[in-house]
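Throughout, read-outs are computed from the coordinates displayed, never taken from laboratory work. This one's a predicted model, so the numbers in the text were calculated from it and none came from an experiment. Neighbour counts run over all protein chains shown; Cβ positions are idealised from the backbone, glycine included.
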Amino acid sequence: MNNFFVLLSGEHPTLPKAEVKAILEAENLKFKILDETLRILKIKAPNEAYGLINSRGAYSHYCGFEIFQCKALMDEILGLARKVDWSFWLKANETFAVRVEHVGGGKTKIDGLKLEKEIGGIILNKQPNCRVNLKNPNKIFCGIVFGEKFVFGLVLEKPRKNFLKRTPRKKPFFHPSSLQPKLARCMVNLSRASKQKILLDPFCGTGTILIEAGILGLESLGCDLRKIMVKGSKINLAHYKVENAYVFRADALRLPLTKKIDCIATDPPYGRAASTLGVSTQTILEKFFEKIDEIMSWKGKICLASPLKVNVEKMVKAYGFKVLETHTIYVHRTLTREIVVVEKG
């Protein structure tokens, strides 16, 4: 078990932290929350947590191995830096860079550039065979000032997730009701999907959830009642070279599936741009939860987006589902979206 720190995006007050926890739960990793703020999450977890969070997280910038934490005071930080056994973190002849950033405001004023140079000098003094390389270092040591605290650690890489290349208007098949890829990725994670399970999106639309699942190496099934959406989803999947997703035309209320499903992430039709084929979103969801019970495995998870006014939390209890978490997202004046995660049983 190691101590890790995760720099969260801060784009939403609850989703980033919930997503990190869900990623670890999806892989059945035991972990403990050590500290949490809007931008920083500190956890104790097995080594595998590092790669999982960095590769899967939508609302986390990066994860690092914690070396030390202290008050955000220059003398205290440098004193601890001098006590570190740098030979453990940095091999002979490796290159490195030191980065310091401030997140979340706070009254603490530390000169980041000065601190980077001071810590870099300490490391070079302890490891004289190593060199500083600001452009392409072997190791990146990151310090984060948050509130009155400072955490310092090793970041092997800062992942590039290229969400901007997968926004709705960048896809060859576009529809205005499409989810943003970052939220779709988060929903896949909140469903606790893993490589040992098959993810289902019964209202797949343009395939955004399936694309994000595919990029993570997860197998998925998607269906939609409208031919044009099924065709468009296949076009988008091919464009992003996702080969581990199968899309077919079907009614989400009459799914032709024979095997139990462990996880579902979906965004049913609602709002101005979506077509519900004359049926209210409330009715669609009520019938969906009535029917989906037949194909969900015990303790299976569903992550669903819906308008807040539908009150999914109240609805699902009538069908034997337990609400695990809810998150609200303001979209515009007439729509506040609710992300709900439920469990069967």
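Observations on the model:
- Distance between segment 15-68 and segment 174-199 - C-alpha centres, whole angstrom: 18
- Option label - Cα extents along the principal axes in Å computed here, alternatives (i) 60, 47, 33; (ii) 93, 50, 47; (iii) 70, 38, 38: (iii)
- Under the Debye formula (equal points on every Cα, no solvent term), log10 I(q)/I(0) of segment 163-344 at q = 0.12, 0.13, 0.14, 0.16 Å⁻¹: -0.49, -0.58, -0.69, -0.93
- Efficiency of FRET between residue 83 and residue 336 - r from beta-carbon atoms, R0 51 angstrom, step 0.05: 0.55
- For segment 90-102, backbone phi angles converted through the Karplus equation (6.51, -1.76, 1.60; θ = phi - 60°) give residue-by-residue couplings of 9, 7, 4, 6, 6, 9, 8, 9, 10, 10, 10, 9, 9 Hz, Gly and Pro being listed as x.
- On the basis of the beta-carbon distance and an R0 of 30 Å, residue 33 and residue 160 show a calculated FRET efficiency of 0.65.
- Lysines with Cα under 20 Å of residue 83, excluding same-chain neighbours fewer than 8 positions away: 71, 91, 114, 117, 126, 139, 149
- In order along segment 131-140, the Karplus-derived 3J(HN,Hα) couplings, from 6.51 cos²θ - 1.76 cosθ + 1.60 at θ = phi - 60°, round to 10, 7, 9, 6, 8, 9, x, 5, 9, 10 Hz, and Gly and Pro are given as x.
- Share, in percent, of DSSP beta bridges within segment 163-344 that are antiparallel, nearest 5: 50
- Residue among 9, 115, 245 farthest towards the positive dipole end of the chain, charges placed on Cβ: 245
- Ellipticity estimate at 222 nm from DSSP helix runs (n ≥ 4, -39,500 (n - 2.57)) divided over the chain, nearest 500: -8500 deg cm²/dmol
- What the phi angles of segment 219-234 give under the Karplus curve with 6.51, -1.76 and 1.60, with θ = phi - 60°, is a coupling list of 7, 8, 10, x, 9, 8, 6, 8, 4, 5, 6, 4, 5, x, 4, 5 Hz, glycine and proline written as x.
- Charge dipole of segment 163-344 about the Cα centre (unit charges at C-beta), most positive-ward option of 176, 340, 330: 176
- Here the scattering of segment 2-155 is modelled by Debye summation over its C-alpha atoms, one equal scatterer each and no solvent; at q = 0.11, 0.13 Å⁻¹ the log10 of I(q)/I(0) is -0.43, -0.60.
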